[in-house]
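Report on the structure given below.
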Amino acid sequence: MQRVVSQEILDSPSCPPAEAHKSLRDLSRINRWFGGVATTRSLIEHVAAATGQKHFSLLEVASGFGDVPRAAAAQLATEGITLDITDLDRFGTHLQPEHRAVIADALAIPFHDHSFDLVSCSLFAHHLQPPELTCFVNQALRVCRHAVLINDLIRHPLHLALVYAGFPLMRSSISRRDGVASVRRAYVPQEIKKMLARESTRIVISRHYLFRMGVTVWKQGNELLK
């Protein structure tokens, strides 16, 4: 299945806020039910086990409602792992007013070097072309102290069929159209590894429930890389 790039409506500044919120609510349900939250939780558990650290500051990039890291945090709390989360999104209308958040571009993250333990994103990497993805990861590595965590889809014909089958679960027509576009433009693990091989000497890629991919890009100079 070849990668096909098409514009997603939720990415457009002309998308009506009410429709964007309806689609973001669909994404919240999809992430809870079909592996999105579980993937982020697994990635953070891996970092916690590797570092021995139990508390992390985390920047969630292209966060939307920021529900994925917070749902993961609620589950991780039972293991004694806590998160201090900051959201970043280029559309202020996507952000939740009760969350600590900043409106900014993921390709020009407006924080100093080493500002957060972790930089994370969910369902964002497939929105980027290879040079943009490399740029984002470089920005995220600059800002983080430990690792960049990427939670995204895996492109596969069966995954595309599952999206069509799931249309009745999506209340927004934007979600249905964007869901198809997302799978078609998603990467596969081999493509991600090849693109990011120069950015870190240690990249861990894992597969998760229902065609989810987890990518941990360890920061160069991290004690785990010595």
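When region 40-56 is filtered for residues that are in a helix (DSSP H, G or I), surrounded by fewer than 15 Cβ atoms within 10 Å (Cβ to Cβ) and touching a residue at least 24 places away in the same chain (Cβ under 8 Å), nothing remains.
Take the conditions crowded, with 21+ Cβ neighbours inside 10 Å and either touching a residue at least 40 places away in the same chain (Cβ under 8 Å) or among the β-branched types (Val, Ile, Thr) (or both) and apply them to residue 206. Does it pass? Taking the combined requirement at face value, the residue does not satisfy it.
Restricting the search to helices (runs of 4 or more DSSP H) fully inside region 148-221 and requiring at least 1 residues that are touching an Asp or Glu at 6+ places or on another chain (Cβ under 6 Å) gives 173-185.
When region 59-99 is filtered for residues that are among the aliphatic types (A, V, I, L, M) and either in contact (Cβ under 8 Å) with a residue 40 or more places away in the chain or in contact with an Asp or Glu (Cβ under 8 Å, 6 or more places away or on another chain) (or both), the ones remaining, listed by number, are 59, 61, 62, 68, 71, 76, 81, 85, 88, 95.
Among the residues making up region 141-168, those that are under 16 Å from residue 199 (Cα atoms) and either under 12 Å from the mean Cα position of the chain (by Cα) or modelled with pLDDT under 95 (or both) are 148, 149, 150.
Do we find that residue 117 is among the acidic types (Asp, Glu) and under 17 Å from residue 6 (Cα atoms) in this structure? Judged against the criteria, residue 117 is not a match. Scanning region 11-34 for residues that are under 25 Å from residue 207 (Cβ atoms) and assigned to a helix (DSSP H, G or I) returns 26, 27, 28, 29, 30, 31, 32, 33. The sole residue among 37, 102 that is surrounded by 15 or more Cβ atoms within 10 Å (Cβ to Cβ), free of Cβ contacts under 8 Å to residues at least 60 places away in the same chain and over 28 Å from residue 159 (Cα atoms) is 102.
Taken as a whole, the condition of being surrounded by fewer than 18 Cβ atoms within 10 Å (Cβ to Cβ) and modelled with pLDDT of 95 or more does not apply to residue 220. Just one of (1) over 28 Å from residue 45 (Cα atoms); (2) touching a Cys at 6+ places or on another chain (Cβ under 9 Å) fails for residue 152. It is (1).
The values are calculated or read from the model by the stated rules, or taken from the named source; none is laboratory data. As the structure is a prediction and not an experimental result, all values here were calculated from the model. Cβ: placed from backbone, ideal geometry, glycine included. Neighbour counts: every protein chain shown.
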